[in-house]
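One structure below.
The values are calculated or read from the model by the stated rules, or taken from the named source; none is laboratory data. Quick caveat: nothing in here was measured; it's all calculated off a predicted structure. Virtual Cβ from ideal backbone geometry, glycine too; neighbours counted across all protein chains shown. Ligands, DNA and RNA are stripped out before the accessible areas are found, and what is left, the full protein with its side chains, is counted by its heavy atoms. Shrake-Rupley method; radii C 1.70, N 1.55, O 1.52, S 1.80 Å.
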Amino acid sequence: NSKHKDGVSAAISTLLRPVKGFVYSITYDNGKEFSGHEQVNKSINCKSYFAKPYHSWERGQNENANGLLRQYFPKTMSLVNVACNEVKIAVNKLNSRPRKCLGFKTPYQVFFERTGIDARQLGVVRL
């Protein structure tokens, strides 16, 4: 609910802690809310990288995910009144969608194949 660095860092750490053994690095954009990246590094034992300003192609997957999320939450829409459950539904739909770049498997399937973890059971998207 906050764009303050402490809230963002705590949220990232909480969401990634169950899979921290598979997280080696995180690439951030240059927003102030990511200035607590060192806290995340220590929490989940990973490295941080930052994209160069105005080099969105350095964060290709992130930009693609943002575009997909915009199908559910248009850029002109205020996110202030969006319920957590609405976000969970959108995330679940996106992660259940087969992707060409994944050999027409879903992100959930590939994540399970590579980690042995069913991401739907982590509590992040549990509906």
Taking Y108 as the residue in question, decide whether it is modelled with pLDDT of 90 or more, out of contact with any Phe, Trp or Tyr (no Cβ under 9 Å at 6 or more places or on another chain) and assigned to a helix (DSSP H, G or I). yes
Tell me, which residue of the range 42-58 that is open to solvent by less than 40 Å² (accessible area, probe 1.4 Å) and assigned to a helix (DSSP H, G or I) is nearest to S9 (Cα to Cα)? S43
Would you pick out the residues in the range 1-22 that are in contact with a helix residue (DSSP H, G or I) (Cβ under 6 Å, 6 or more places away or on another chain) and surrounded by 15 or more Cβ atoms within 10 Å (Cβ to Cβ)? K5, V8, S9, I12, S13, L16
Can you tell which of N1, N41, N45 is at pLDDT below 90 and not small (G, A, S)? N1
Every residue from the range 61-79 that is surrounded by 11 or more Cβ atoms within 10 Å (Cβ to Cβ) and more than 18 Å from I89 (Cβ to Cβ): N62, E63, N64
Filtered residues of the range 23-41 (kept if assigned to a helix (DSSP H, G or I) and exposed (fewer than 14 other Cβ atoms within 10 Å of the Cβ)): K32, E38
